[in-house]
Amino acid sequence: MENRILIIGDDLFGEQGEAAARCVEMLLCRKPNRPMQFSVNAPALPSISQFIARASSDIIGKQAGRIVFGLGFNEMMRERGNAKAVAEVYGALANEIIKKTQSFVHFVTIPRDLLPEIPEQVDELNENIRGFAEKAPDRVQIIDFARHVEKFKEMQAERGKFARSLFSEGAKPTSLCMTLLSLYLQDCILEVLK
């Protein structure tokens, strides 16, 4: 269905899927008369491999007009930062969805600060995620949250000591980070819905 939006994300969207839930609420608040249906699977507990195995029922079968993926963070934790392995399995999921649907598909990149011990691996995974757009440029959009976070931090640095942090000392996203992600998801979705 053209107006159905499916949002699938792991802890990138928050331990309780806060960013996805806020994004849905903001989209509804912004356009209360727009015919939209939402299916939110965040935080998603299955691995990306499990999503591939269940894609026909859990993703393709939902017949969404738009699918937002915020995966890879939990997988990087499980794979101990093996970006190559994560990119390979994530790429297989992307191929499956792009090949077997006509949906518009969005992929969200991961900020380095969520995995500060392996920033190079996060960068490598993000470059692979950005490459998904080449598979179907007319239907795939990259929601580059990693770059958005870097710009936000630069602007916050101008405030000096009064800046608020997006991440705790334990590399957990703060409420501010979840709000920033929600707003950014909403803006990117609304931009392509015009």
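The values are calculated or read from the model by the stated rules, or taken from the named source; none is laboratory data. In this text, all values refer to a predicted model and were calculated from it rather than measured experimentally. Cβ placement follows ideal geometry from the backbone for every residue including glycine, while neighbour counts extend to all protein chains displayed. Accessible surface is based on the protein model in full, side chains and every heavy atom, while ligands, DNA and RNA are left aside. Shrake-Rupley method; radii C 1.70, N 1.55, O 1.52, S 1.80 Å.
For region 136-152, does any single residue satisfy the condition of being open to solvent by 20 Å² or more (accessible area, probe 1.4 Å), among the charged types (D, E, K, R) and touching a residue at least 40 places away in the same chain (Cβ under 8 Å)? Yes - at least one qualifying residue is present in region 136-152. Screening Val105, Val192 for residues that are touching a strand residue (DSSP E or B) at 6+ places or on another chain (Cβ under 9 Å) and not in a helix (DSSP H, G or I) leaves exactly one candidate, Val105. Of all the residues in region 23-55, those that are surrounded by fewer than 16 Cβ atoms within 10 Å (Cβ to Cβ) and either in contact (Cβ under 8 Å) with a residue 60 or more places away in the chain or not hydrophobic (A, V, I, L, M, F, W, C) (or both) number 12. Going by the conditions given, is Arg112 among the basic types (Lys, Arg) and farther than 22 Å from Leu166 by Cβ? Considered against the rule, which asks whether it is among the basic types (Lys, Arg) and farther than 22 Å from Leu166 by Cβ, Arg112 comes out as no. The sole residue among Glu117, Glu88, Glu124 that is farther than 24 Å from Ile5 by Cα and in a loop (DSSP other than H, G, I, E, B) is Glu117. Of all residues assigned to region 151-167, none qualifies as being within 30 Å of Glu96 (Cβ to Cβ) and of a type outside the set (D, E, K, R). The residue that is least open to solvent (accessible area, probe 1.4 Å), counting only those in region 81-104 that are over 14 Å from Gly131 (Cα atoms) and basic (Lys, Arg), is Lys100.
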